[in-house]
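The structure appears below as structure tokens.
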Amino acid sequence: MTNLKLIQELTELDKKHFLHPTSPIEQQQEQGAAFIFTEGNGVHLHDLAGNTVIDGMSSLWNVNVGHGRKELGQAAMDQMSTLAFTSCFATFSNEPAIRLAEKLSHIAPGDLSATFFTSGGSEANDTAYKLARHYWILKGQENRKKIISRTKSYHGVAMGATSATGLKPFRDFTNSLAPDFCYVDHASSQSLREVIEAEGPETIAAFIAEPVQGAGGVHVAPVNYFKEVRAICDEYDILFITDEVITGFGRTGTYFGMEHYGAAPDMMCFAKGVTSGYVPLGGVMLSERIHQEFTELSKGTLLHGYTYSGHPTACAVAIRNLEIIEQEHLIANAKAMGEEMLNGFKWIQSEREIVGEVRGLGLMGGIEIVKNQHTQERFQAPLVPQIVAEAAKRGLICRSVVFDGQDTLVFAPPLVINKREMSQLIEILNDSIQAIE
Ligand code: PLP
């Protein structure tokens with residue numbers, strides 16, 4: 001079968017049988033898949049039509065060690081051919097899960113020391129909210145149920161995670177969301193205090209925040225924001241949960257995003273980069289104090305667990321993935337290449353009149369598109385979808401964020417990106433913006 005025939009066949013089957021996640025259904029039905037990927041190598045993806053593109057998003061902010069790592073395939077094969085899966089319910093356990101949990105306790109911020117494993121970030125978020133509420137039940141304060149999150153936040157698509165997501169269109173997509181969620185302005189610690197006071201501190205279980213907001217448009221918090229937030233949570237006896245699903249495992253140029261802010265959480269959600277996306281895995285870590293209180297106060301069974309909590313193959317791949325991140329100094333590379341990326345954005349800003357604010361931390365970057373750089377006036381309809389399509393044609397994958405009236409391009413290339421590849425990314429981006437402006 002020629003490639004063309006195969007592409008036609010798969011395109012039709014894709015339209016007929018595959019409901020894509022977070023997808024424009026009409027566009028998929030009209031145009032079919034933009035790329036049918038077949039192979040990946042480092043920062044590059046190859047498709048069935050013979051195109052090679054730079055994966056400027058690490059797929060979904062997650063392929064941290066880059067595509068095509070044979071070591072991770074080997075780790076999965078070794079584990080699968082000895083013990084692919086066994087349950088961790090009750091008192092069953094396995095070595096990869098134990099070793100990974102121990103490793104995480106050494107690298108995670110503050111005194112996070114015990115891990116509850118999930119299959120991804122949404123499950124990690126729902127788990128965190130449930131464990132936070134259960135914690136207050138154990139402490140005899142069952143009125144503490146409310147979860148506070150920030151505007152522009154994204155926490156996933158499970159019922160709880162959607163409810164916590166500050167990007168309203170995700171909540172409006174469905175109805176009957178989980179009760180007892182409220183929102184604060186994403187950049188103001190004062191707003192957190194006001195909402196706590198208005199709702200009643202004795203009704204609040206936890207506050208959750210991404211160290212750098214990703215899907216909401218790459219928003220980096222003010223320098224003192226998390227220290228202030230930590231102090232407010234302590235003052236009102238509220239659990240502070242960080243969502244490091246994107247920012248964990250080197251993405252921002254430190255192991256975890258919270259290291260930039262010098263504040264330690266009580267609980268932390270992680271996923272994505274823990275396995276660089278090679279297999280699904282996520283989890284929630286608890287601080288030593290919370291874990292100890294859980295152990296001391298719990299009576300009966302912890303009635304929360306996924307079939308795949310502590311999946312041995314996923315955990316074995318994660319362990320190997322973390323070794324690669326450390327052995328290849330990918331966190332330092334993320335820092336250096338992140339500076340390179342931001343400088344590139346600033347250069348584009350000086351060249352292109354429609355580039356407004358540029359921002360980033362490590363290998364998370366955002367560019368605002370505006371009608372006028374000086375007045376920051378925006379276009380009536382966002383321009384970024386066209387720029388993303390143009391960049392894809394020219395060999396670069398990036399994403400558009402149009403929520404809350406934004407017109408923003410976001411980037412998160414793999415941590416293995418080198419200087420030459422970064423220059424290519426910047427050049428294609430500049431050409432793509434020029435083609436549209
Ligand atoms: N939390 C954050 C900060 C995320 O960016 C995401 C996904 O993009 C999630 C949670 C949800 O993770 P998953 O898609 O693995 O369920």
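Just the residues that are surrounded by 16 or more Cβ atoms within 10 Å (Cβ to Cβ) and of a type in the set (A, V, I, L, M, F, W, C), please, taken from the stretch 156-177. Give the steps one after another, and end with the answer.
Taking the stretch 156-177 as the starting set, the residues that turn out to be surrounded by 16 or more Cβ atoms within 10 Å (Cβ to Cβ) are 156-158, 160-167, 170-171, 177.
The answer is 157, 158, 161, 164, 167, 170, 177.
Identify, please: which residue in the stretch 260-300 is among the charged types (D, E, K, R) and more than 13 Å from the ligand (Cβ to nearest atom) and is, among those, nearest to residue 115 (Cα to Cα)? Give the steps one after another, and end with the answer.
Filtering the stretch 260-300 for residues among the charged types (D, E, K, R) gives 266, 272, 288-289, 293, 296, 299.
Among the residues that remain, those that are also more than 13 Å from the ligand (Cβ to nearest atom) are: 266, 288-289, 293, 296, 299.
Details: 266: 12, 288: 11, 289: 13, 293: 15, 296: 17, 299: 19 Å.
By that ranking, first place goes to 288.
Restricting attention to the stretch 204-219, which residues are within 16 Å of the ligand (Cβ to nearest atom) and in a strand (DSSP E or B)? Working first, answer last.
So the first thing to find is which residues in the stretch 204-219 are within 16 Å of the ligand (Cβ to nearest atom), and the list is 206-219.
Those that are within 16 Å of the ligand (Cβ to nearest atom) and in a strand (DSSP E or B): 206, 207, 208, 209, 212, 213, 219.
Scan the stretch 414-426 and report the pairs whose first residue is surrounded by 21 or more Cβ atoms within 10 Å (Cβ to Cβ) and whose second residue is part of a loop (DSSP other than H, G, I, E, B), with Cβ atoms within less than 6 Å and a gap of 6+ or a chain change.
414/43; 414/63; 414/66; 415/64; 415/250; 416/66; 417/43; 425/56
Got a number for residues in the stretch 235-256 being under 27 Å from residue 282 (Cβ atoms) and out of contact with any Gly (no Cβ under 9 Å at 6 or more places or on another chain)?
The first filter runs over the stretch 235-256 and keeps only residues under 27 Å from residue 282 (Cβ atoms), leaving 238-256.
Filter once more, so that each one left must be out of contact with any Gly (no Cβ under 9 Å at 6 or more places or on another chain): 238-241.
Going through the stretch 235-256 one residue at a time, the tally reaches 4.
For the stretch 89-99, check the following and say yes or no: at least one residue is within 25 Å of residue 416 (Cα to Cα), buried (at least 18 other Cβ atoms within 10 Å of the Cβ) and in contact with a strand residue (DSSP E or B) (Cβ under 7 Å, 6 or more places away or on another chain).
Within the stretch 89-99 (the criterion being within 25 Å of residue 416 (Cα to Cα), buried (at least 18 other Cβ atoms within 10 Å of the Cβ) and in contact with a strand residue (DSSP E or B) (Cβ under 7 Å, 6 or more places away or on another chain)), the answer is no, since none of the residues qualifies.
Among 250, 257, which is the only one that is touching a residue at least 60 places away in the same chain (Cβ under 8 Å), within 15 Å of the chain's Cα centre (by Cα), closer than 30 Å to residue 70 by Cβ and within 12 Å of the ligand (Cβ to nearest atom)?
Numbers: 250 fails: within 12 Å of the ligand (Cβ to nearest atom).
After applying the criteria, what remains is 257.
All but one of (1) among the hydrophobic types (A, V, I, L, M, F, W, C); (2) within 20 Å of the chain's Cα centre (by Cα); (3) not assigned by TED's automatic domain parsing to the domain that holds residue 105 hold for residue 336; which doesn't?
Result: residue 336 fails condition (2) only.
Which ranges mark the strands (runs of 3 or more DSSP E) fully within the stretch 1-120 that have 3 or more residues being in contact (Cβ under 8 Å) with a residue 60 or more places away in the chain and assigned by TED's automatic domain parsing to the domain that holds residue 282? Spell out the reasoning first.
Working: elements: 37-41, 44-47, 52-55, 112-118.
So the answer is 112-118.
Could you run through the stretch 392-402 and say how many residues are touching a helix residue (DSSP H, G or I) at 6+ places or on another chain (Cβ under 8 Å) and either of a type in the set (Gly, Ala, Ser) or surrounded by 18 or more Cβ atoms within 10 Å (Cβ to Cβ) (or both)?
7
How many of the residues making up the stretch 282-303 are of a type outside the set (A, V, I, L, M, F, W, C) and free of Cβ contacts under 8 Å to residues at least 40 places away in the same chain? If you could, list the steps in order and put the result at the bottom.
Keep residues of the stretch 282-303 that are of a type outside the set (A, V, I, L, M, F, W, C), which gives 282-283, 287-289, 291-293, 295-296, 298-301.
This time we only want the ones that are free of Cβ contacts under 8 Å to residues at least 40 places away in the same chain, so: 292, 295-296, 299-301.
Adding up the residues that qualify gives 6.
Could you tell me how many of the residues in the stretch 211-240 are touching a Ser or Thr at 6+ places or on another chain (Cβ under 7 Å) and either free of Cβ contacts under 8 Å to residues at least 60 places away in the same chain or outside the structural domain of residue 272 (by TED's automatic domain parsing) (or both)?
Initially, the stretch 211-240 is screened for residues touching a Ser or Thr at 6+ places or on another chain (Cβ under 7 Å), giving 211-213, 216-217, 225, 228-229, 232.
Right, trim to either free of Cβ contacts under 8 Å to residues at least 60 places away in the same chain or outside the structural domain of residue 272 (by TED's automatic domain parsing) (or both) and you get 211, 225, 228-229, 232.
Result for the stretch 211-240: 5.
Could you check how many residues of the stretch 121-168 are in a loop (DSSP other than H, G, I, E, B) and away from the ligand (no atom under 16 Å from the Cβ)?
Within the stretch 121-168, the subset in a loop (DSSP other than H, G, I, E, B) is 139-145, 151-158, 165-167.
Narrowing further to those that are away from the ligand (no atom under 16 Å from the Cβ): 139-145.
Qualifying residue count for the region: 7.
The values are calculated or read from the model by the stated rules, or taken from the named source; none is laboratory data. Computed from a predicted structure; not experimentally measured. Note that each Cβ is placed from the backbone with ideal geometry, even for glycine, and that neighbours are counted across all protein chains shown.
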